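I have placed the structure first, in the form of structure tokens, so that the comments after it can refer back to it.
The values are calculated or read from the model by the stated rules, or taken from the named source; none is laboratory data. In this text, all values refer to a predicted model and were calculated from it rather than measured experimentally. Counting neighbours? That spans all protein chains shown, and the Cβs are built from the backbone with ideal geometry, glycine included. Each accessible area value is taken on the protein alone, full model and side chains, heavy atoms only, with ligands, DNA and RNA left out. Shrake-Rupley method; radii C 1.70, N 1.55, O 1.52, S 1.80 Å.
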Amino acid sequence: MPFKGHHPRAPDNSRRRPKMSPPAPSHLTGAVATAEPFRFYVGYDSREDIAYRVCRRSLLRRSSVPLEVIPIVQQELREAGLYWRERGPTESTEFSFTRFLTPHLAGYRGWALFVDCDFLFVTDVAERARMADPRYAVLCVHHDYTPKEATKMDGAVQTAYHRKNWSSMLLFNCGHPKNRVALTPEAVSAQSGAQLHRFAWLDDADVGEVPFSWNFLVGHNRVDPADVAGTTPRAIHYTSGGPWLERYKDCEFADHWVQERDAYESEEKEDEVEGTGVPSSSAVAVDA
């Protein structure tokens, strides 16, 4: 029987959920063609709680379709018996490997998008969901990225490898046969980082490509004056570290994140006065 409990450590305690839009009209294509909320799984790291909360708000505030934003909390998965591998020295976040459980958590059904918590969405995410294409097992930005720093965030080791940052935003075709076979709790707890982050369970033809503006790497990607519309970020990824860390408080696009954080905190204060709240979501309430 699927685990349906909600662990109290789940971080999704935001009290005000932005007003959701009506069901997507029938002419939409891709993953938002039905009235069912589109599922966003966000990697949660206890050291970056505020980054998760701001990312969540940016998703909900800018979506024209119903969304369900679900944190992937490693401790919850461990207690549910869905993840048991020991943490290795190259794992810079608590969701380094748990991201690959997204299809399982979604019940190997439909489409779901995983994203790191250090993202800020600045445009309607329905456009991203519409990119779902059943020809592929997963769609992502095909970055050509080699980090320049030896450490990132709060001193975590910065590793370089083939397909670096491809897995930081993944649109999963959850029911794809290869995902059903390869992305089980047993496999995710046993496979190497190279096997998972390089998509070794897939052929190259199974990995679809989306524009880099949906995973715009701060300090690496640039807006092209000759193609502003095509290269302006739609989702900003503070991959080395964001303004919530002292070391990166003045990084590129810091002002965008700070504005979103201030708006979030203002809403939190209002809700404390009003005494309102919304239920938290849990990744281990496995969809079925």
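Between the amide H of residue 39 and those of 68, 113, distances stay under 5 Å, these residues lying 5 or more places away or on another chain, with hydrogens modeled in the peptide plane. For the stretch 80-121, just say rounded, prolate or oblate: build the C-alpha gyration tensor, square-root its eigenvalues into a ≥ b ≥ c, call rounded for a/c under 1.5, and beyond that prolate if a/b exceeds b/c, oblate if not. Judged from the Cα gyration tensor, the stretch 80-121 comes out oblate (a/c at least 1.5, b/c at or above a/b).
Which value results for Rg/Rh of the stretch 38-273 when Rg is the Cα radius of gyration and Rh the Kirkwood radius based on the inverse mean 1/r?
Working: Rg = 17.0 Å, Rh = 18.2 Å.
Looking at the stretch 38-273, the ratio lands at 0.94.
Leaving out ligands, DNA and RNA, and with a 1.4 Å probe, what % of the accessible surface on the stretch 38-273 is carbon or sulfur? Don't skip to the answer; put the middle values down first.
Working: 4440 of 9180 Å².
Carbon-and-sulfur percentage of accessible area, whole number: 48.
With protein chains left intact and a 1.4 Å probe, residues in the stretch 38-273 average 39 Å² of accessible area per residue. Note on residue 267: accessible area approximately 40 square angstrom, rounded to 10, probe 1.4 Å, nucleic acids and ligands left out.
Go through 94, 68 and list them by solvent-accessible area, largest first, probe radius 1.4 Å. Write out the running numbers ahead of the final one.
Numbers: 94 35, 68 75 Å².
Sorted descending by solvent-accessible area, the residues read 68, 94.
The charge dipole of the stretch 44-122, taken about its Cα centre with unit charges on the Cβ atoms of Lys, Arg (+1), Asp and Glu (-1) only, comes to about 320 debye.
Note on residue 178: aspartates and glutamates with a C-alpha under 17 Å away, same-chain residues under 8 apart excluded, are 133, 186, 203, 204, 206.
Which whole-number percent is the relative contact order of the stretch 38-273 (Cα, under 8 Å, 6+ apart)? Write out the running numbers ahead of the final one.
Numbers: 398 pairs, mean separation 55.0, N = 236.
For the stretch 38-273, the relative contact order is 23 percent.
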